[in-house]
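Here's the structure we're looking at; comments come further down.
The values are calculated or read from the model by the stated rules, or taken from the named source; none is laboratory data. Given the structure is predicted, the values throughout are model-derived calculations rather than measurements. Glycine gets a Cβ as well: all are built from the backbone with ideal geometry, and neighbour counts include every protein chain shown.
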């Protein structure tokens, strides 16, 4: 099924007599799912863009690249730096803005600008009964008691099928500089990133790439960036390199480029930064990449590794992002929730998808 309008989508969902596997561009979902494929790429197009108001409204199936190109023409961008995971997952296709929201995908700039859901100001979606729901910007119907803008981001299509999303956007900064600190071990890198993020110098990226360096990004007006880079260098050491190399470096961190084409499973840990080096040491991973100052860690492991069992309890959660189908059939992509949270999540799914047709089983 490939609806071209919201009304067609609502009719398709209302008439579904079995599970639906939602598909935008197919570039970031954690694995194949059963059910009839509901192709959402037909719901495409930028509907409203007001550069002066720093606001863009677009249909959910719009390619991410189209949204970014539209904003770039006016010197603006999405604040949260969504990733291109095709290289990591070995997939082709076109990433859609709805898929970005469904995954709450947020890149290195999250440490300063917040996550995708923090820039999201309005949504429209079709729930599991086929009803159209609106919340936030351009409100026509609200659902009392729920902040749906925040709730729908990161729900991976289990609460509703997005049809329209609205964002606040920001100007592209005048200048960027990246401070590179060599030769730090994991604990030293996390400590340095914590000092930088706790400083008044407005760091917009903090990553550690073992074997290559620890990287701290600054953005803004040229004079301010130069001043802050000098102060940060005096605090932590390191050097700033050619500005032309900065964009490529942060794209590599954003897209987890060190693991592209490398055999093995890929896990994403979200955890307390201070705990990250110890957790990584227990993981026995073949590759490591720290982002968000250590709050997010990407790990490359041997195929079929049950990383959650290996790590045991730790202050965070582990998501299986890439693995063979047989591993994904054995290990859930998402961390099993504690009983109380699982009950809340099940209650929300029952409220918005009482028939259980939207990506059933994906998140519990």
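A few points about this structure:
- For segment 146-180, a residue qualifies if it is closer than 17 Å to residue 205 by Cβ and touching a helix residue (DSSP H, G or I) at 6+ places or on another chain (Cβ under 6 Å), and the qualifying residues are 174, 175, 176, 177, 178, 179.
- Scanning segment 237-259 for residues that are surrounded by 15 or more Cβ atoms within 10 Å (Cβ to Cβ) and either within 24 Å of residue 300 (Cα to Cα) or not assigned by TED's automatic domain parsing to the domain that holds residue 188 (or both) yields 249, 250, 251, 252, 253, 254, 255, 256, 257, 258, 259.
- Of residues in segment 83-103 being surrounded by 16 or more Cβ atoms within 10 Å (Cβ to Cβ) and in a loop (DSSP other than H, G, I, E, B), the one modelled with the lowest pLDDT: 93
- Within segment 28-40, the residues that satisfy the criterion of being crowded, with 18+ Cβ neighbours inside 10 Å, farther than 15 Å from residue 126 by Cα and modelled with pLDDT of 70 or more are 28, 29.
- Filtered residues of segment 247-260 (kept if at pLDDT 95 or above and out of contact with any strand residue (DSSP E or B) (no Cβ under 7 Å at 6 or more places or on another chain)): 251, 252, 254, 255, 257, 260
- Residues of segment 218-236 include none that is without any contact (Cβ under 8 Å) to a residue 24 or more places away in the chain, loosely packed, with under 14 Cβ neighbours inside 10 Å and assigned to a loop (DSSP other than H, G, I, E, B).
- All of (1) closer than 22 Å to residue 78 by Cβ; (2) assigned to a loop (DSSP other than H, G, I, E, B) hold for residue 48 with one exception: (2).
Here's the yes/no breakdown for (1) touching a residue at least 60 places away in the same chain (Cβ under 8 Å); (2) in a strand (DSSP E or B); (3) within 19 Å of residue 154 (Cα to Cα):
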position: 7; (1), (2), (3): no, no, no
position: 18; (1), (2), (3): yes, no, no
position: 26; (1), (2), (3): yes, no, yes
position: 44; (1), (2), (3): no, no, no
position: 52; (1), (2), (3): no, no, no
position: 61; (1), (2), (3): no, no, yes
position: 70; (1), (2), (3): no, no, no
position: 81; (1), (2), (3): yes, no, yes
position: 108; (1), (2), (3): yes, no, yes
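- Which numbered condition residue 135 misses (of (1) at pLDDT below 95; (2) in contact with a helix residue (DSSP H, G or I) (Cβ under 6 Å, 6 or more places away or on another chain); (3) over 30 Å from residue 254 (Cα atoms)): (3)
A quick yes/no check of all residues on (1) out of contact with any helix residue (DSSP H, G or I) (no Cβ under 9 Å at 6 or more places or on another chain); (2) closer than 30 Å to residue 196 by Cα; (3) in the same structural domain as residue 18 (by TED's automatic domain parsing):
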position: 280; (1), (2), (3): no, yes, no
position: 295; (1), (2), (3): no, yes, no
position: 322; (1), (2), (3): no, no, no
position: 342; (1), (2), (3): yes, no, no
position: 348; (1), (2), (3): no, no, no
